[in-house]
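**Q** First, the structure itself, so that you have it in front of you.
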Amino acid sequence: MTDTLYHFIGGKRVEGTSGRFGDILNPATGEVQSRAPYANADEVDRAVQAARKAFPEWSAASASRRSQVLFGFRDLLVQNADKLAEIVGKEHGKTIVDAKGSIQRGVDVAEFACGIPHLMKGEFSSNVGGGIDTFSQREAIGVVGGITPFNFPVMIPLWMGVMAVACGNCYINKPSERDPSAPLFLAELWKEAGLPDGVWSVVNGDKEAVDALLHHPDVPAISFVGSTAVGEYIYHEGTANNKRVQVFGGAKNHMVIMPDADLDQAADALIGSGYGSTGQRCMAISVAVPVGEDTADAIIDRLKPRVQELRYGPWNDDKADMGPVITQQAKERIEDYIQQGVDAGAELAVDGRGASLQGYEGGYFCGGSLFDHAKSDMSIYRDEIFGPVLTQVRAGSFDEAVKLVNDHEFGNGVAVFTRDGDAAREFANRVDIGMVGINVPIPVPLAFHNFGGSKRSKFGDTQMHGPESVRFFTKVKTISARWPSGIREGAVFAMPTAGS
Ligand code: NAD
């Protein structure tokens, strides 16, 4: 008998009532391990009403009370990191070390959020005119919806949700239908940490649940992470309904390798960032851009044997470099892209198609694939493949490499490998990309800095975590105050000015 999951609404596990369910598979075996209910608009409304009920008390709680709950939650995350990693491994498939790393990146945001009293400080100007003081304060927005992708089932709900809650909002997570058990477990940890019921809810589902959040009049803000196609829809639909929306979308991240780079270090970086998490990261490097033919030959010579040696296995195989990809459809899509690359004339240096593992024949494993001599009009270069496929595009010059990076529709992350400080500085200044690494392949900023891309990798003005997230999850009120002091101006009909 398959386990049936639930929603988490108003501090309680709640059975689904829509009659619609989706299977949750173990990507290493292809077996159904549980099923999740898919919420309809009534169930989403139930979560919104529970959040609205909780909002007055939670938003008015002192900043220090909120930070005490956050300290408790952070400790519970650390104590339960192994359990969380196991849940992630079983539903997402990523290797245990990778799962633990991603959980730590979520803990980092919880630690950052513990300093919320400092982060929410406003501004104050004394005696702006006529005995008047003006000050601003940041206030919670209300009920915030968070729609999250399959590839980081702990980290991304934490990145957005912890900051939303820390700022005094009530948060409703609609996790990916592929791996919702970790977000549900986070809800239990919040309850144990003393978060009032209704402040953190989880509503499972698909487009129907997302649309119910997008159209709900009592949800003033939506944060989304996922593919660009869905994100663009969410941005337009949400803003058309007068919501504040931030969208973090898809990516195609380049690594430019200058001839003077430490090529062994660059090859190590390409292997880790191209194939880590089986390429299912929005900050994965999927394009290598060596400058000059000699650099390109040297890089491909280093990469080829290492890609051939990559090991895949289930999440708990500590010798595996990569887990399976998320679904059979994802595997087929990746293999179809590889065929498109071959048909378009790119050189397939390593072919990872047709992977299979003894004892796990139903699993969605892909070997590492490597292309050389790809061109910028090929689909393997243009599209996000989201699998263990690294594509080398040779550039004749630094300027050509910068142009390639800037002409791509996505702008999430980029890296340059060089020993030349001038070249690195110029590169960082000229690229239209949100996050830049200089000899750092995956430049995901730590929690106290802002995360976010450019071009079609992000819609909306604000970024994830860091000080920008406080701006997204709060609104500013500016108050001008004068205390009775015997001053009488009489009625003034002119526009008030500061005076003397
Ligand atoms: P996805 O877009 O398929 O799904 C994301 C969320 O949207 C899920 O909760 C899903 O249920 C929901 N959704 C799916 N289709 C929908 C529809 N038609 N209408 C409304 N909601 C819908 O993304 P995914 O496959 O889960 O995740 C992988 C994608 O996420 C990749 O493109 C990756 O680059 C991107 N991603 C981006 C970042 C970033 O920070 N920029 C981080 C992680 C992942």
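The values are calculated or read from the model by the stated rules, or taken from the named source; none is laboratory data. This structure is a prediction, so every number in the text was calculated from the model and none was measured. When we count neighbours, we look across all protein chains shown, and the Cβ atoms used for this are built from the backbone with ideal geometry, even at glycine. Calculation scope for accessible area: heavy atoms of the full protein, side chains included, ligands and nucleic acids excluded. Shrake-Rupley method; radii C 1.70, N 1.55, O 1.52, S 1.80 Å.
**Q** Report the FRET efficiency, 1/(1 + (r/R0)^6), for Ile479 and Val78, where r is their Cβ-Cβ distance and R0 is 45 Å, rounded to 0.05.
**A** The calculated FRET efficiency here is 0.70.
**Q** Next question, about the same structure. Taking the Cα centre as origin and putting +1 on Lys and Arg beta-carbons and -1 on Asp and Glu beta-carbons, what dipole magnitude results for the chain, to the nearest 20 debye?
**A** Dipole magnitude for the chain comes out near 1920 debye.
**Q** Hey, if we sort Thr17, Thr148, Thr4 by accessible area with the 1.4 Å probe, largest down, what's the order?
**A** Numbers: Thr17 100, Thr148 10, Thr4 65 Å².
The ordering from most to least exposed comes out as Thr17, Thr4, Thr148.
**Q** Now for a different question. How large is the accessible surface per residue of region 217-311, computed with a 1.4 Å probe and reported in Å² as a whole number?
**A** With all protein chains present, region 217-311 gives 34 Å² per residue.
**Q** Quick one: what are the phi-derived ³J(HN,Hα) couplings along region 56-73, Karplus 6.51/-1.76/1.60 with θ = phi - 60°, whole Hz, x for glycine and proline?
**A** Using θ = phi - 60°, the values come out as x, 5, 5, 6, 8, 4, 4, 4, 6, 5, 4, 5, 5, 4, 5, 4, x, 5 Hz.
**Q** Would the chain count as rounded, prolate or oblate if I go by the C-alpha gyration tensor, calling it rounded below 1.5 in a/c and otherwise prolate when a/b exceeds b/c, oblate otherwise?
**A** Taking the square roots of the gyration eigenvalues as a ≥ b ≥ c, the chain is oblate.
**Q** Rounded, prolate or oblate for region 354-418? Axes are the square roots of the Cα gyration tensor eigenvalues, ordered a ≥ b ≥ c, and the cut-off for rounded is a/c under 1.5.
**A** Judged from the Cα gyration tensor, region 354-418 comes out prolate (a/c at least 1.5, a/b above b/c).
**Q** Sticking with this one: Going by average Cβ density within 10 Å per residue, which order do the peptides 242-254, 425-437 take, highest to lowest?
**A** 242-254, 425-437
**Q** Still on this structure: Nearest 0.05, what FRET efficiency do Asn429 and Arg488 give at R0 = 56 Å with Cβ-Cβ as r?
**A** Working: r = 57 Å, r/R0 = 1.02.
With R0 = 56 Å, the Cβ-Cβ based efficiency is 0.50.
**Q** Moving on. Looking at region 312-412, which GluC sites (Glu not before Pro) are in a loop (DSSP not H, G, I, E or B) and have at most 14 other Cβ atoms within 10 Å?
**A** Glu361, Glu409
**Q** What is the dipole size for region 397-470, taken about its Cα centre, with +1 at each Lys and Arg Cβ and -1 at each Asp and Glu Cβ, in debye to the nearest 20?
**A** On the way: 7 positive and 10 negative charges, 35 e Å.
The calculated dipole for region 397-470 is roughly 160 debye.
**Q** Which value, in Å², gives the accessible area per residue of region 415-500 when a 1.4 Å probe is used on the protein heavy atoms?
**A** In whole numbers, region 415-500 has 61 Å² accessible per residue.
**Q** Sticking with this one: Looking at the square roots a ≥ b ≥ c of the eigenvalues of the Cα gyration tensor of region 393-500, which shape do they give, rounded for a/c under 1.5, prolate if a/b is larger than b/c, or oblate? Don't jump to the answer; show the numbers that get you there.
**A** On the way: a/c = 3.46, a/b = 3.01, b/c = 1.15.
Judged from the Cα gyration tensor, region 393-500 comes out prolate (a/c at least 1.5, a/b above b/c).
**Q** Over 32 Å between Cα atoms: which of Lys53/Lys121; Lys319/Lys455; Lys375/Lys455; Lys331/Lys375; Lys90/Lys455; Lys100/Lys475 fall into that group? Intermediate results must be reported in sequence, preceding the final value.
**A** Numbers: Lys53/Lys121 26 Å; Lys319/Lys455 38 Å; Lys375/Lys455 21 Å; Lys331/Lys375 23 Å; Lys90/Lys455 34 Å; Lys100/Lys475 34 Å.
Over 32 Å apart, Cα to Cα: Lys319/Lys455; Lys90/Lys455; Lys100/Lys475.
**Q** Projected onto the charge dipole of the chain (+1 at Lys/Arg Cβ, -1 at Asp/Glu Cβ, origin at the Cα centre), which of Gly292, Phe410, Val307 gives the Cα projection farthest towards the positive end?
**A** Of the options given, the answer is Phe410.
**Q** Region 66-127 to region 416-474: how many Å between their Cα centroids?
**A** One Cα centre to the other: 21 Å.
**Q** For the chain, what % of the accessible area comes from carbon and sulfur atoms, probe 1.4 Å?
**A** That share works out to 49 percent.
**Q** Right, another one. Mind checking the per residue accessible area of region 177-216 for me, 1.4 Å probe, whole number of Å²? Could you put the intermediate results ahead of the total?
**A** Details: 1110 Å² over 40 residues.
That works out to 28 Å² per residue.
**Q** Roughly speaking, what is the centre-to-centre gap between region 248-270 and region 28-47 when only Cα atoms are used, to the nearest Å?
**A** A separation of 38 Å, based on Cα centres.
**Q** Can you sort Trp159, Trp483 by 1.4 Å-probe accessible area, starting with the largest?
**A** Trp483, Trp159
**Q** When the Karplus curve 6.51 cos²θ - 1.76 cosθ + 1.60 is applied with θ = phi - 60°, which whole-Hz ³J(HN,Hα) does each residue of region 190-202 get, with x for Gly and Pro?
**A** Result, ordered by residue: 4, 4, 4, 6, x, 5, x, 4, x, 7, 10, 10, 10 Hz.
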